[in-house]
Every structure is written in C-alpha cells, then in structure tokens.
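Reviewing the structure listed below.
All of the numbers you see were taken from the coordinates with simple rules; none came from a lab. None of the values given here were measured: they were computed from a predicted structure. FYI the Cβ positions are ideal-geometry reconstructions off the backbone, even for glycines, and counts take in every protein chain you see.
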C-alpha cells in the first residue's frame, strides 16, 4: 500500500493504526511531501516498511516496491508454514500437549513425569505419540515446529477447557 500521511478526513497514521488493529499484514510504504525525522520514525514504529519524501525519483520508488513485492512471497510462505504448524499442534491430545509444553520449557522426561504425576515411561509413551502425530523424528524437529507455530520459550497456551498448571 502506498499511503500519504496527509489526507482529507483521516491521516495516514490513523490508517496504519486501523490496519494494525485488524492484524492486516499489508506492507505499507509511506509517501509524503511533509516528511521529517519525527514523522518517518513514527510511521516506521507503527509498521510502515519504508518512507519516501515527495518529490521522489521514479527509480527510487520502483526499487522500494520491488523489494516489498519480493518480501511478500516470503511472508506468504512463512504464514503458510505457521498455519500448518499450528494445525498440527492443535491435533495433539491434552497430555501430548502437556508433554510438548514441558519440552519447549526445557523440562526433562523425568521432571515432566514428576510435574504431571506419572511415570517416566508414560511420558516417553506420550512423547512418542506426540512425535508421530506431528510427523517428526527428533526432539529438535518437534521444537522447531513449535517455534514456527509461534511458541517461544513460554509454554504453549492451554487447550480450550483445560486449566493451566499455574491455576
């Protein structure tokens, strides 16, 4: 999206904020005849991917747009991988989900067994089923899948209808 900052009725900053509120993943290039450092910084903090002052050279705008279009393909591929990873994680049973949460948090099988009040063998069984369901062959692959889905070192959000361990 090419977006001017000064427009009648609504300014460009309000448009960027409205799009962000809708979680729109639309790359925005701000174009303005009234640019300064403060305006550029504000636009970039709000999520603009570039800032161009009028008047500008056509070649400059074309090179920016080429870069933005190239990043769109990469963003679509990343979003697709994330959606697939989330779908796989949602297929886990509650206990498999608990095991993955613990593994993401860096817990060993022994600590998980203690935390969940089951035997180490039971954790190993759930871990094996979890990995089969996710279609992975190693712990590293399972963790990579969790991170692609957006899980960080924090625990996975609980499945609907379950209490968290902290509750």
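What angle, in degrees between 0 and 90 and rounded to the nearest 10, separates the Cα long axis of helix 139-148 from the longest principal axis of the Cα atoms of the chain? For 139-148 against the chain, the angle is about 30 degrees.
Where the eigenvalues come from the Cα gyration tensor of the range 2-56, what are the semi-axes √(5λ) of the equivalent ellipsoid, largest first, in whole Å?
Working: eigenvalues 60, 29, 19 Å².
Gyration-tensor ellipsoid for the range 2-56: 17, 12, 10 Å.
Relative contact order for the chain using alpha-carbon pairs under 8 Å, separation at least 6, rounded to a whole percent? This gives 17 percent for the chain. Computed on the range 86-148, with alpha-carbon pairs under 8 angstrom and 6+ residues apart, the relative contact order is 39 percent.
Neighbouring Cβ atoms within 10 Å as the yardstick, rank 28, 86 fewest first.
Values: 28 23, 86 16.
If I rank by nearby Cβ atoms, fewest first, I get 86, 28.
What relative contact order, as a whole-number percentage, does the range 2-56 give when Cα pairs under 8 Å and 6 or more residues apart are counted? Provide the component values of the computation, followed by the final result.
Values: 64 pairs, mean separation 20.6, N = 55.
Relative contact order for the range 2-56 comes out at 37 percent.
Within a 10 angstrom radius of the beta carbon, how do 73, 97, 115 rank from fewest other beta carbons to most? Each step should come with its number before you reach the end.
Details: 73 9, 97 21, 115 15.
Least to most surrounded, the residues fall as 73, 115, 97.
When 38, 120, 52 are sorted by how many other C-beta atoms sit within 10 angstrom of their C-beta, beginning with the fewest, the order is 38, 120, 52. Using only Cα atoms and rounding to the nearest 10 degrees, what angle (0 to 90) does helix 12-21 make with the longest principal axis of the chain? The angle comes out at about 20 degrees. Can you give the angle from 0 to 90° between the axis of helix 37-46 and the longest principal axis of the chain, with both taken from C-alpha atoms, to the nearest 10? Helix 37-46 and the main axis of the chain meet at about 30 degrees.
For the chain, what is the calculated [θ] at 222 nm in deg cm²/dmol (nearest 500), taking -39500 (n - 2.57) for each run of four or more DSSP H residues and dividing by its residue count? Display every interim value, and only then the final one.
Numbers: 7 runs with 97 residues, N = 167.
For the chain, the value works out to -18500 deg cm²/dmol.
So what's the convex hull volume per residue for the Cα atoms of the range 42-93, in Å³? Present the calculation step by step, with values, prior to reporting the outcome.
On the way: hull volume 3.5 nm³, N = 52.
Taking only Cα atoms, the range 42-93 has a hull volume of 67 Å³ per residue.
Under 1.5 on a/c is rounded, so check that first for the chain, then, if it is not, pick prolate when a/b is larger than b/c and oblate when it is not; a ≥ b ≥ c are the square roots of the alpha carbon gyration tensor eigenvalues. Don't jump to the answer; show the numbers that get you there.
Working: a/c = 3.83, a/b = 2.73, b/c = 1.40.
Judged from the Cα gyration tensor, the chain comes out prolate (a/c at least 1.5, a/b above b/c).
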